[in-house]
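Encoded as structure tokens, the structure appears first; notes follow it.
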Amino acid sequence: MVTRKLLTPQNIDLSINTDLTRKILTGFIHSEITRTGFTRAVIGLSGGLDSALVCFLAAEALGPENVLAVRMPYKTSSPDSLEDAQKVIDATGVQSMTVEITAMVEPLFARFPDMNNTRKGNIMARQRMIVLYDQSAAFNGLVIGTGNKTEILLGYTTQFGDSACALNPIGDLYKAQVRQLSKALGVPDSIITKPPSADLWAGQTDENELGFTYADADKLLYLLVDQRYTAEECIEAGFSPSFVKAVVERVRRFHYKRMLPPIAKISNRTIGYDFLYLRDWGT
Amino acid sequence: MKLSIALAQINTVLGNVKRNLDKHLEYIEQAQAAGSDLLIFPELSLTGYVLQDLVPTVACRPNHDDPVFRPLLDASHKMDIMVGFVEEDVRNRFYIASAYLSKGETVHVHRKIYLPTYGMFDESRFFAWGDAVEAFDTRFGRAGMLICEDFWHASPPYLLWLDGADLFLFHSSSPGRGVSEAPILDSARWVNHILRAYSSLYTSFVIHTNRVGYEDGLNFWGGAAVYDPNGNLLCEGPFHEEALTLVEVDLNELHRARARLPLLRDERTALVQRELNRILNSGNRNSGR
């Protein structure tokens, strides 16, 4: 007999069956890459949890020899990040290369001396996208994205930067679920336990920048999105009003990052409105 | 009487009918080699599922003049076959449809009645809805076909039961969703829950197959299953993998189950009709009309 309790921040359980999830996600990677005639994949490996998990999944789905992990440090990137990325490369046996982006982005930083950290961070994220898409052509592999559901919903991502990819296997997993699945797949402990960081400048952590923890954000987003709670119902369930307000506003404000740009309708048949095909059309 | 059933849980190529037809013919050969009497393919097995604007380009008509159905009808001399396709009617309306083929003839066509148009689904944007639930006679007894959302509603199986169906032939293109700590998806759990319920409530055989593979981010979970008139699971295909699942069922189990549990004998259809008329004619706006 299962009794369902009222959901509160304390008892929301995001646990997933990791065997089932692993099967669906490796199948997805294999299907979506091979059906378009590719056999290989390219992944930007930061040393963080999300890209580590994607690298493990891709190595399992495609064979490690068909996966290229690219490390793209900037001069201030933490040395731990490079080391942690190396642990993933060693554990999975994927191909790898290191392309430092410092010399690529510094000239643009120098051109605008008053540039703030946000602009610099966006430039670095987009520069990494350029390197990855170049390697996509060189390696003949598709770029696999590494954004999770929490950061996509919060808009904590650089449009056309780290969000740019051909497919994303973990975009429907909250951060806690990414962590749970990573443990099950054998991602090294040092990666699982360290605080999430975009590593765009020294000491940066996601949770400091966002002003709340992923643990809380996961649970609130689960109520708002998966369980279709209203903001008021989330507050009734026990989340603080200011936190609920901040998250609801982020989800709405950054929705543009989750959409293709709208096309102004002129004709009778317009891309995005009434020209409707899946990407897998014909495959 | 024994009936050898083969459940094909195939992947499909989205919008490429020729390649899907070739796969059907391969599975028919395999099922024939296994001595099957009846082979069931999933919903929209000839076309793929999220067709959107591809619908008019994949539609066909289940007769000998149709280049897709001609080889299937020819193959139906070897065994009875149930396929899923997009049907275009004489007035050029498009339906999600199932065809039952036997001895070179199209014995019955069912058009999907309930087109899910909510959440991730958008079927009634692209398809017309079917307007009939009819059982039909096969060489194995009377059967009825339903398509996915049709049997998520309780009434179509009930109508088939009253119309004489002892074999419920169900098929789906069911996107997998809902991962919890359980080893199967919420969607798979739910479907098998109701399949077992129908086989128990109607003391009938319930036979279901569902496709596998991916379309963009959607996964299809397979898990074909057959339940006997006592609600027992007789066989189950794997999840998320292509498979041809074979099972031999003893149709005499209908006799034994209904001797034990005469739910069909005792069903008060006149009462149902009377009460349904009263409810629907009452003008009560809260009725489920």
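What follows is calculated from the coordinates using simple rules that are stated; it is not laboratory data. The shown structure was predicted, so the numbers you read here are calculated from the model rather than taken from an experiment. Backbone-built Cβ (ideal geometry, glycine too); neighbour counts: all protein chains shown.
Its Cα centre serving as origin, the stretch A:211-261 has a Cβ charge dipole (Lys and Arg +1, Asp and Glu -1) of approximately 360 debye.
Annotation for B:E248 and A:L82: the two label points, set 7 Å from Cα along the Cα-Cβ direction, are 6.8 nm apart.
Only helices enter the 222 nm calculation for chain B: every DSSP H run of n ≥ 4 contributes -39,500 (n - 2.57), and dividing by all residues gives -8000 deg cm²/dmol, rounded to 500.
Taking a straight Cα-Cα cut-off under 17 Å and skipping sequence neighbours fewer than 8 places away in the same chain, the lysines within cross-link reach of A:K23 are A:K183.
Here the 3J(HN,Hα) profile of the stretch B:157-173, calculated from phi with Karplus coefficients 6.51, -1.76 and 1.60 at θ = phi - 60°, is x, 5, 5, 4, 4, 5, 7, x, 6, 9, 10, 9, 9, 10, 9, 9, 10 Hz, Gly and Pro shown as x. Stretching A:F112 away from A:D90 to a fully extended chain increases their span by 4.0 nm, per 0.36 nm per residue minus the current alpha-carbon distance. Could you work out the Rg to Rh ratio of the stretch B:79-176, with Rh taken as the Kirkwood radius (inverse of the mean 1/r over all Cα pairs)? Using only Cα positions, Rg/Rh for the stretch B:79-176 is 0.96.
Available extension along the chain between B:A34 and B:N281 is 83.6 nm, counting 0.36 nm per residue and deducting the alpha carbon span.
Residue exposure proxy: B:V133, B:V83, ordered by other Cβ atoms within 10 angstrom of their Cβ from fewest to most, comes out as B:V133, B:V83.
Note that the stretch B:26-42 has calculated 3J(HN,Hα) couplings of 5, 5, 4, 4, 4, 5, 5, 4, 8, x, 6, 8, 9, 10, 10, 9, x Hz, one per residue in order, obtained from phi through the Karplus relation 6.51 cos²θ - 1.76 cosθ + 1.60 (θ = phi - 60°); glycine and proline are x.
If you sort the three axes of the alpha carbon gyration tensor as a ≥ b ≥ c, you get a/c of 1.5 or more for the stretch B:209-289 and a/b no higher than b/c, which makes it oblate. Label sites at A:Q159 and B:R91, each approximated as a point 7 angstrom past Cα along Cα to Cβ, lie 4.6 nm apart.
Assign one of three labels to the stretch A:20-83, namely rounded, prolate or oblate, based on the Cα gyration tensor with a ≥ b ≥ c the square roots of its eigenvalues; rounded applies when a/c is under 1.5, prolate when it is not and a/b is larger than b/c, and oblate otherwise. Since a/c reaches 1.5 and a/b is larger than b/c, the shape of the stretch A:20-83 is classed as prolate.
Each Cα pair under 8 Å and six or more residues apart adds its separation to the average, and for chain B the resulting relative contact order is 18 percent. Can you compute the FRET efficiency between A:M259 and B:A259 using 1/(1 + (r/R0)^6), with r the Cβ-Cβ distance and R0 = 45 Å? Round to the nearest 0.05. So the FRET efficiency works out to roughly 0.15. Taking the protein assembly as shown on its own, what percent of its Cα-Cα pair distances exceed 40 Å? The proportion of pairs with Cα distances above 40 Å equals 36 percent.
Per-residue Karplus couplings for the stretch A:264-274, computed as 6.51 cos²θ - 1.76 cosθ + 1.60 with θ equal to phi - 60°, are listed in order as 5, 7, 10, 8, 7, 9, 10, 4, x, 10, 9 Hz, Gly and Pro entered as x. Rounded to two decimals, the Cα-based Rg/Rh of chain B, with Kirkwood Rh, is 0.96. Near the amide H of B:L234, within less than 5 Å, lie the amide hydrogens of B:V226, B:Y227, B:D228, all on another chain or at least 5 residues away, with H placed in the peptide plane. Anisotropy class assigned to chain A is rounded, per the alpha carbon gyration tensor with a/c under the 1.5 cut-off. Under the simplified labelling scheme, the B:K78-B:W129 pair shows an inter-label distance of 3.9 nm, with each label point 7 Å from Cα along Cα→Cβ.
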